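The values are calculated or read from the model by the stated rules, or taken from the named source; none is laboratory data. It should be emphasised that the depicted structure is a prediction, and the values quoted were computed from it without experimental measurement. Backbone-built Cβ (ideal geometry, glycine too); neighbour counts: all protein chains shown.
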């Protein structure tokens, strides 16, 4: 799809959480020159234990990198690592490429590209999807948009990190728009999986049987199949946390507001994730949204899953 | 799973709509002795044109059948064909089996079994799933519960009509509970598919690209994959109508009310289907729920899909 440059690119990965650490590690193992960056020393040490080199601030990484991936949580963090006191901008060499991999509002992504262009930097709007395990295996999906030159410069990185790169045109914001459509669906499907399982349990159905029947029926979804096993095991170790969907469905809501498009189904799912966060489950796996139904109805969830040990 | 009787069973199918006609035809072709019944002469003629025998009232069928499938739309129709002036009950021989195949409230199914038992009839609570095409091919899923004797008597019919029979225990109502869980999910997934596509279009995304990306991403659902092509083709010929989900999500709502379990995500989807019905799309394909978003936001749906020819 694009010419590969013959000059080895120096790659920075800012944000060494579950997704960033896996991505940085896989890029390193793919033979790329990778520098990691996280404000948390522990995250830096994790990357170093895998053979990587890391720094504590974007400023310390800026001069060493031609391409920087932002694998941070939200728009505020994107803003901080680029334009903050220890930010990349003003330090990274002209013509450098910023790959914006976070889930952000499309309007934010568009403005960001303009601000970076004004500083002589390129941007690829490149949200990633697939989870930590796929990040570690270089099997992510990337929903990307940006200038042809940005795609060309990013090619060695995209080739390594992704199983699938959706090239969605040359306008920044399109990648983020597609990611938002996916997050709307993913969030609603998790909340409705929880709601359906709660109703099933309340009606007296066996949870394992519900899982078996639904995964073979028209009511199935990728998220039902993926998340309900967490509920069946009573294991809410966060692979992706409730807080993530509070954030992402709020971006859906804000984008709907900007565009005057009502999103009532997503809004109801957002309320359930908000309630889960309010009830103290924000950092648990997103399947813990079922605990909202448990708290309100007293249903017995499988195994140790009941948050208060009762029921 | 059950002994087959050596006496050939005489089977009645009441309700010759899309599901009932297909089921009756396939049972006939499987060598069973089938009598069809519908209050609509046109539906009867459709079955007769396929070689079947049909009658205009349950009363006319009662004495000829050992097993009667109710493939009607809702609880009111179930009640009418059983207990109405021209109903089955009081005419069907003692020990006869009623297979309740409609989507009804679990509480209704339980009461129904009691009422039938008082009349000397057996009942299998046996909602069906899969759509008209699978009915025609004997490939339905049946979510069934009832007494062992009822399963044994139904075996030749279940074997013929279904690809999968979920045996969910001996209590009537369990089959209907499982069907309700499926309908909650199916309804929410259709409404959220429409909402996500509407948002995508409003953000400027290409609808075909959205379909391609989402069906390969974590936001996918069985319903997204099945229904969005109707939107992409602008074809709202009803395979399953908006009205069906107005009905089924109202059963979810009523059952949640009975059990004091809130179902806010299903409630938001119900409101969208209700709006679609109110806007005049009740008899269109359920994917037409996207026209609610179209009417409110002016987005352009693919091809001839805009309900008013504008946009």
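Here the helices (runs of 4 or more DSSP H) wholly within segment B:173-287 that include at least 2 residues being crowded, with 24+ Cβ neighbours inside 10 Å, more than 9 Å from chain A (Cβ to nearest Cβ) and modelled with pLDDT of 95 or more are B:174-202, B:222-233, B:242-259, B:264-276.
Consider residue A:81 carefully, then state whether it is within 22 Å of residue A:10 (Cα to Cα), in a helix (DSSP H, G or I) and at pLDDT 95 or above.
Yes.
With respect to residue A:152, determine if the residue is in the same structural domain as residue A:133 (by TED's automatic domain parsing), more than 28 Å from residue A:256 (Cβ to Cβ) and not in a helix (DSSP H, G or I). It is false that residue A:152 is in the same structural domain as residue A:133 (by TED's automatic domain parsing), more than 28 Å from residue A:256 (Cβ to Cβ) and not in a helix (DSSP H, G or I). On the given criteria, is residue A:69 assigned to a strand (DSSP E or B) and either out of contact with any strand residue (DSSP E or B) (no Cβ under 7 Å at 6 or more places or on another chain) or under 23 Å from residue A:135 (Cα atoms) (or both)? Here the answer is yes, as residue A:69 does meet what is asked.
Every listed requirement among (1) within 16 Å of the chain's Cα centre (by Cα); (2) surrounded by 24 or more Cβ atoms within 10 Å (Cβ to Cβ); (3) within 13 Å of chain B (Cβ to nearest Cβ) is met by residue A:130 save one, (2).
To keep it simple, each residue is scored yes or no on (1) surrounded by fewer than 17 Cβ atoms within 10 Å (Cβ to Cβ); (2) over 17 Å from the mean Cα position of the chain (by Cα); (3) not assigned by TED's automatic domain parsing to the domain that holds residue A:125.
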| position | (1), (2), (3) |
| --- | --- |
| A:20 | no, no, no |
| A:24 | no, no, no |
| A:29 | yes, yes, no |
| A:42 | yes, yes, no |
| A:47 | no, yes, no |
| A:53 | yes, yes, no |
| A:59 | no, yes, no |
| A:71 | no, no, no |
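When segment B:200-226 is filtered for residues that are touching a residue at least 12 places away in the same chain (Cβ under 8 Å) and more than 16 Å from residue A:221 (Cβ to Cβ), the ones remaining, listed by number, are B:201, B:202, B:207, B:208, B:210.
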